[in-house]
Amino acid sequence: MSKSDSLFLRLSAQCKSWLRAITHRSSLESQMDSELASHLEMLAADLMRAGYSRQEANRRARIALGSTIVHKDEMRASVGLRFWDAMAADLRYAARRLRRSVGFTVVASISLAMAIGANTTIFSLAKQLLYERLNVAHAADLRLLAWNAIKGREAVHHIWGDYEPYPNGRVASSSFSYPAYQYLRAHNHAFQDLFAFKETGGNATIRGQAQPVQFEMVSGNYYGDLEVHPQLGRAIQPSDDATAGAGAVVVISDGLWERQFGSSPAVLGEIVKLNDVSLTIVGVNPRGFTGAKNVQESPDFFLPISMQPLIYPRSVRSSTSSSLLDAPQNWWINVMGRIRPGVSDAEAQAELNVQLSAVVRATMPVRPTDSMPQMDVRDGSRGLFHTQRMFAKPMAVLLTMVGFVLLLACANIANLMLARGTQRQREMAIRLSLGAGRIRLARQMIVESVLLAVIGGAGGLLIGYVGSNIIPKLTGNAWERSEFHVHFDWGVFVFTALITLCTGLIFGLFPAIAAARTHLNHGLKESSASVTRRRKGWGGKSLVGLQIALSTLLVVGATLFLRTLASLNAVDVGFRTDHLLLSEIEPPARQYPPGKDMALHRRIIAAFGAVPGVEAVTPAVAPYVAGEADDTDFLPEGEAYEKDKDQSQFYNVVGNNFFSLMGIPILSGRSFDSRDTATSGKVAIINEALAKLRFPNQDPVGKRFTTDEHNNDGHSLKESAQWIQIVGVCADTKYTDLRTPPPPQFFLPFEQQTEVGGLTYELRTRIKPEAVVPDLRKALQQIDPDLPLIEVRTQQQQIDSDTQQERIFVALTSSFGMLALALASVGVYGVMAYSVASRTNEIGIRLALGARPAQVLQMILREAMWVSIAGIVVGLTAAMLLGRAIKSMLYGLQPADPLSFSSGALILIVIGLAASWIPARRAARIQPVEALRHE
């Protein structure tokens, strides 16, 4: 026997002896593999010293240890190491690997935490706005009643509530008349019962303090049908709603109870005033109950609907009665109910449709050409669900973009793990040679990925919690108290856990496949051939290209929203916005009927004008850029009324000094002045857009028009036309919002009105507008202590609120874009650094053959440039599709905005070159002698 063969047998026997000694340890799997790898290297080294080549020494060493593998498997079974024990060993081994690579673990976990946190935040917001249900028992059984009809021909004309046009030429609303509700309830068989409610605003005096509040008028069966029980006191009962004005009681919200009464049980029996009507507090709603209208915020007061004639009397313009309870032509309340078990929505809708047609024909005049309302039974578990129309598309855009951020993070970590896995090929080859299966190697990489994702997911959960508390603050404004908050509940936790697990599996898939495909012979040696083979793999570069494409998409999207916000901020509103303070005053109609309301407003105008620091004050029915609009018929002299034609125009009622205070120039004619009194001839001022629309190629000054209302047959509701003379033409201004072009509108003088109800006061100040607010409150208190200043804000704050959604989008998408750039930078740097490291010998040979360092630098940068360009092209293509999808959300630019696209591409090119600069410089500084040692 030769000396080398004797050494071979001796070392084999030592390996078997060692294996039997360590099988009793808890970390058997990982320790056995590690120790066997060490012995494999020792044995190969001894054989090389005995005269064998490296290749032959490796082959004989594996043969020598191969006989121990079967023995190892037998002993593994004998000690009862089952699947879960192996998983525990993999987990411990993964933890040690991550602990040893602190830099990699920190970078990867922070990237994942930010991506998962962003997804958690946006998901929690979308869940609250789009999927949260009313906090009542069995909310899924609730159904909201609505109706639809042909637009322009609907039999219902007086609607107080939602009015939604459909693309198919129909309109829909969830408002019903009170007589219609009573009829439907009496003849209902598909629902357990039907209840009614209406939410609106008013003035309340609580413990001597006047303040604006939201209140909900409800039917007597409201609490019983919703199965809601107050946490203190009693609910509103059917007896409170028996007759008009019978139930002067109120149930308050938990939030109001805490704010105004310190959660004291003594609140029961206290008297509060609502629109100058005294009400007795009989109960406090449970925490989390927001009423039946929405799931976002709760009204402050809940009172019987029978109190409507006193609390919210109807305007005398439509009737001499102050009650909407006996007005069949006024559709204003919302109706909801619990559907009976076994009854489908279609069956309920068919039944109620017959009843609705019957009550409309019985209580209202219906022309043959009128479109009868068709019943529409909707899901009522989320209330009226207006947030769906407002936020469905924005939330879809945000969820898509934040999903791209998570995908980008997965690609980034997968790239880093691929590079890291390549560095571990020798380890994988040794484990293969010792008998580990390829599935076992892939499983080990998956376990490491999932463990890394769990670390990132824990951080993401924390970031999501913080983000869900910050976002509601972005949705509020400077003048209103907001109770909107995002629920961070078990649903959000489950979502975070699921995306954490999926993320770990996604970015661990490629490294797992690479580990399972490890080449045994090439993994045990570091030669130019093996390095060259690895260099030919484009997996890492493909992932970097994907990262750059996603980053381009996110950066371009953020730039589009940023430019939209900039365009809105640059809009010329047509009037002065500096030192302009706005506040609304809503006098109760019961205390201030027509005539008295005019006298009250005159006193308030005089009192506000005397406040130190106030330069001028004017009333207005509709403030600018506040989403409010009023319109009425506008019929120039000589133009006949056409019942099938829209002849209405926007209008505003303003003070005589309105145009000078607002800085709106009069283009022709004159402004309102002291000549325009209650007894003088009726006058008006129109804007330039209305002059061009209704008086083309004419001078409208001196012409007359009427604003007569007409009935269903087209006849005037007044005995004779009341002519109004145009005395001036003013410049155009924005009206309801910044996006809509200045609409045609006309102005009527406040002094010539007989009633106005509530008004907005616009005050020009010589000092900071906020400084005069305390004195304004004192002046109003001296006139009526039960009248509060409502929604006190500056004109600029009002304009800023109109761009609130755009500002939120810019904040979120910019954050996504910056995170994407950071991840792309890490990805490019990691791949290029690995590429340089794996090509050390090749670069050394190039340098040894005469290549200059500058040429090597250009070669690496060129390679990074082509990867970046390929990703940018794909990203810009996707950005074009995104731009088309969000076209309605943009303003002042096209979806394929050249500046946004070119700036996004330029940023990514710079990022790609900057991230690859350090690896390129490192490659240029390689010494040929050191590089050739890799052979």
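The values are calculated or read from the model by the stated rules, or taken from the named source; none is laboratory data. The structure displayed is predicted, hence computed values, not measured ones. Methodologically, a virtual Cβ is constructed for each residue, glycine included, from the backbone with ideal geometry; neighbour enumeration extends over all protein chains shown.
From the list Gln805, Gln797, Gln781, exactly one residue is at pLDDT below 90 and part of a helix (DSSP H, G or I). Which is it? Before you say what the answer is, go through the steps one by one.
Values: Gln797 fails: at pLDDT below 90; Gln781 fails: at pLDDT below 90.
Only one candidate passes the filter, namely Gln805.
Quick one: in the range 254-271, of everything that is touching a strand residue (DSSP E or B) at 6+ places or on another chain (Cβ under 7 Å) and assigned to a helix (DSSP H, G or I), which residue is nearest to Thr290 (Cα to Cα)?
From the range 254-271, those touching a strand residue (DSSP E or B) at 6+ places or on another chain (Cβ under 7 Å) are 254, 257, 260, 265, 267-271; that's our starting set.
Filter once more, so that each one left must be assigned to a helix (DSSP H, G or I): 254, 257, 260, 265, 267.
On the way: Asp254: 10, Trp257: 14, Gln260: 18, Pro265: 21, Val267: 20 Å.
So the residue we want is Asp254.
Hey, does the range 190-212 have a residue that's acidic (Asp, Glu) and part of a loop (DSSP other than H, G, I, E, B)?
Here is the first cut: in the range 190-212, the residues acidic (Asp, Glu) are 193, 199.
Next, only the ones that are part of a loop (DSSP other than H, G, I, E, B) stay: none.
Scanning the range 190-212, I find no residue that is acidic (Asp, Glu) and part of a loop (DSSP other than H, G, I, E, B), so the answer is no.
Whether any residue in the range 630-652 is within 41 Å of the chain's Cα centre (by Cα) and under 19 Å from Thr794 (Cβ atoms) is what I want to check. Working first, answer last.
So the first thing to find is which residues in the range 630-652 are within 41 Å of the chain's Cα centre (by Cα), and the list is 630-634, 644-652.
So of that shortlist, the ones also under 19 Å from Thr794 (Cβ atoms) come out as none.
Within the range 630-652, not a single residue is within 41 Å of the chain's Cα centre (by Cα) and under 19 Å from Thr794 (Cβ atoms).
Can you tell me which residue within the range 114-166, out of those that are among the polar types (S, T, N, Q) and farther than 27 Å from Ala327 by Cβ, is surrounded by the fewest Cβ atoms within 10 Å (Cβ to Cβ)? Even if it seems obvious, please write down each step before you answer.
Keep residues of the range 114-166 that are among the polar types (S, T, N, Q), which gives 119-121, 124, 128, 135, 148.
Narrowing further to those that are farther than 27 Å from Ala327 by Cβ: 119-121, 124, 128, 135.
Working: Asn119: 24, Thr120: 27, Thr121: 27, Ser124: 25, Gln128: 23, Asn135: 17.
It comes out as Asn135.
Filter the range 876-932 down to the residues that are under 24 Å from the mean Cα position of the chain (by Cα) and of a type in the set (Lys, Arg) and list them by number.
Within the range 876-932, Arg884, Lys887 meet the criteria.
For Ala848, are the conditions met, namely being among the aliphatic types (A, V, I, L, M), assigned by TED's automatic domain parsing to the domain that holds Ala558 and crowded, with 17+ Cβ neighbours inside 10 Å? Break it down stepwise before answering.
Values: among the aliphatic types (A, V, I, L, M): yes; assigned by TED's automatic domain parsing to the domain that holds Ala558: yes; crowded, with 17+ Cβ neighbours inside 10 Å: no.
For Ala848, the condition - among the aliphatic types (A, V, I, L, M), assigned by TED's automatic domain parsing to the domain that holds Ala558 and crowded, with 17+ Cβ neighbours inside 10 Å - is not met.
Is there any pair with a first residue in the range 825-844 that is within 11 Å of Pro919 (Cβ to Cβ) and assigned by TED's automatic domain parsing to the domain that holds Ile911 and a second that is modelled with pLDDT of 80 or more and outside any helix (DSSP H, G or I) whose Cβ atoms are under 8 Å apart and which are 6 or more apart or on different chains, and what are they?
none
Condition check: touching a residue at least 24 places away in the same chain (Cβ under 8 Å) and in a strand (DSSP E or B). Does Ala626 satisfy that?
No, not satisfied.
Restricting to the range 311-336, name every residue that is modelled with pLDDT under 80 and under 22 Å from Phe195 (Cα atoms). Reasoning before the result, please.
Narrowing the range 311-336 to residues modelled with pLDDT under 80: 314-322.
Within the range 311-336, just Arg314 meets the criteria.
Can you name the residue in the range 900-920 that is in contact (Cβ under 8 Å) with a residue 40 or more places away in the chain and among the hydroxyl-bearing types (Ser, Thr, Tyr) and, of all such residues, is farthest from Val874 (Cα to Cα)?
Taking the range 900-920 first, the residues in contact (Cβ under 8 Å) with a residue 40 or more places away in the chain are 900-901, 903-905, 907-909, 911-920.
Still in the list and also among the hydroxyl-bearing types (Ser, Thr, Tyr): 900, 903, 916.
Working: Ser900: 16, Ser903: 16, Ser916: 20 Å.
For the range 900-920, the residue satisfying everything is Ser916.
A quick yes/no check of all residues on (1) modelled with pLDDT of 85 or more; (2) farther than 16 Å from Ala414 by Cβ; (3) buried (at least 20 other Cβ atoms within 10 Å of the Cβ); (4) of a type outside the set (D, E, K, R):
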{"site": "Ser482", "(1), (2), (3), (4)": "no, yes, no, yes"}
{"site": "Leu520", "(1), (2), (3), (4)": "no, yes, no, yes"}
{"site": "Ser527", "(1), (2), (3), (4)": "no, yes, no, yes"}
{"site": "Gly537", "(1), (2), (3), (4)": "no, no, no, yes"}
{"site": "Leu568", "(1), (2), (3), (4)": "yes, yes, no, yes"}
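Against the definition (under 29 Å from the mean Cα position of the chain (by Cα) and either at pLDDT 80 or above or at positive phi (or both)), how does Ser468 come out, yes or no? I'd like the intermediate steps shown before the answer.
Numbers: under 29 Å from the mean Cα position of the chain (by Cα): yes; either at pLDDT 80 or above or at positive phi (or both): yes.
Yes; evaluated as a whole, the condition is true for this residue.
For the range 73-95, state whether one or more residues are out of contact with any helix residue (DSSP H, G or I) (no Cβ under 9 Å at 6 or more places or on another chain), modelled with pLDDT of 85 or more and surrounded by fewer than 22 Cβ atoms within 10 Å (Cβ to Cβ).
no
With the condition kept exactly as written, say whether any residue in the range 854-871 is β-branched (Val, Ile, Thr), modelled with pLDDT of 90 or more and touching a Ser or Thr at 6+ places or on another chain (Cβ under 8 Å).
For the range 854-871, residues β-branched (Val, Ile, Thr), modelled with pLDDT of 90 or more and touching a Ser or Thr at 6+ places or on another chain (Cβ under 8 Å): absent.
What residue, of Phe195, Phe215, is at negative phi and touching an Asp or Glu at 6+ places or on another chain (Cβ under 6 Å)?
Phe195
If a residue must be over 30 Å from Gln804 (Cα atoms) and charged (D, E, K, R), how many such residues does the range 582-638 contain?
7
Can you name every residue in the range 659-671 that is under 45 Å from the mean Cα position of the chain (by Cα) and either without any contact (Cβ under 8 Å) to a residue 40 or more places away in the chain or in a loop (DSSP other than H, G, I, E, B) (or both)?
First pass over the range 659-671, keeping only residues under 45 Å from the mean Cα position of the chain (by Cα): 659-667, 671.
Listed by number, the residues that qualify are Gly663, Ile664, Pro665, Ser671.
List pairs: first residue in the range 359-379 and within 14 Å of Val335 (Cβ to Cβ), second residue assigned to a strand (DSSP E or B) and hydrophobic (A, V, I, L, M, F, W, C) anywhere in the structure, Cβ distance under 6 angstrom, at least six positions apart or on different chains.
Pro373/Trp147; Pro373/Ala149; Met375/Trp147; Asp376/Ala146; Asp376/Trp147; Arg378/Leu144; Arg378/Ala146
Mind telling me which of the residues Ile333, Ile311 ends up being farther than 17 Å from Pro179 by Cα and either among the polar types (S, T, N, Q) or assigned by TED's automatic domain parsing to the domain that holds Asp225 (or both)? If you could, list the steps in order and put the result at the bottom.
Details: Ile333 fails: farther than 17 Å from Pro179 by Cα.
Exactly one of Ile333, Ile311 is farther than 17 Å from Pro179 by Cα and either among the polar types (S, T, N, Q) or assigned by TED's automatic domain parsing to the domain that holds Asp225 (or both), namely Ile311.
What single numbered condition from (1) out of contact with any helix residue (DSSP H, G or I) (no Cβ under 7 Å at 6 or more places or on another chain); (2) assigned to a loop (DSSP other than H, G, I, E, B); (3) of a type in the set (A, V, I, L, M) fails to hold for Met598?
Looking at each condition in turn, Met598 falls short on (2).
Which residues, counting only those in the range 226-253, are surrounded by 20 or more Cβ atoms within 10 Å (Cβ to Cβ) and in a helix (DSSP H, G or I)?
Leu226, Asp240, Asp241
Can you tell me which residue in the range 336-390 is nearest to the chain's Cα centre (by Cα), limited to those that are in a loop (DSSP other than H, G, I, E, B) and of a type in the set (Lys, Arg)? Full working, then the answer.
Filtering the range 336-390 down to residues in a loop (DSSP other than H, G, I, E, B) leaves 340-344, 364-370, 372-373, 380-386.
Subsequent filtering for residues that are of a type in the set (Lys, Arg) retains 340, 367, 382.
Working: Arg340: 35, Arg367: 45, Arg382: 17 Å.
Residue satisfying both the conditions and the ranking: Arg382.
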